[in-house]
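Structure, as structure tokens:
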């Protein structure tokens, strides 16, 4: 149970004050950039592990609702957003961070639907969808104006 809670807390970033979700997202941008530099597939694998491992950790930790300290969902979602970048550049990383946080905080469209779901699925799904939406926007920007993300 202790390991599950540590994972659910985003390896401790969930205990940051006053904005654990933002701290976890910022940490995910930095670590995600590292995964990107390691290998083209490393970030995708990390996002997959964070998503499914996060689901299992949240379920195992018997989390009720979506408490602020549970931020593995932010890590997974932020890494999914970063998948739209071909390489880690400062403008690209900032854009991925801002877009993910905007979709996560505003609960726009399907993010809001997922946020209303119960259990570990609901905890993880809203941020996974927010990450996918951010990645979609970044992909469109990258195809129309690649110079903006360099």
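Read-outs: derived from the displayed coordinates by stated rules, not from any lab. In this text, all values refer to a predicted model and were calculated from it rather than measured experimentally. Here Cβ is always computed from backbone atoms with ideal geometry, including for glycine, and neighbour counts include all displayed protein chains.
Across region 20-84, the relative contact order, built from alpha-carbon pairs under 8 Å that are at least six residues apart, equals 54 percent. In plain terms, the residue of 56, 41 with the fewest other Cβ atoms within 10 Å comes first and the most crowded comes last, giving 41, 56. Sequence-distant contacts, meaning Cα pairs under 8 Å at least 6 residues apart, place the relative contact order of region 2-149 at 28 percent.
What is region 89-150's relative contact order, in percent, from Cα pairs under 8 angstrom and six or more apart in sequence? Walk me through the numbers before you get to the answer.
Numbers: 54 pairs, mean separation 27.3, N = 62.
Once divided by the residue count of region 89-150, the mean separation gives 44 percent.
Compared with the alpha-carbon gap, the fully stretched path from residue 37 to residue 108 is longer by 22.4 nm at 0.36 nm per residue. Placing a pseudo-label 7 Å from each Cα along the Cα-to-Cβ vector at residue 87 and residue 56 gives an inter-label distance of 3.5 nm.
The Cα trace of the chain gives Rg and Dmax of 14.4, 47 Å, the first to one decimal, the second as a whole number. Ordering 17, 107 from the fewest to the most neighbouring beta carbons within 10 Å gives 17, 107. Per-residue extension of 0.36 nm, minus the Cα-Cα distance of residue 116 and residue 1, leaves a gain of 38.9 nm for this segment.
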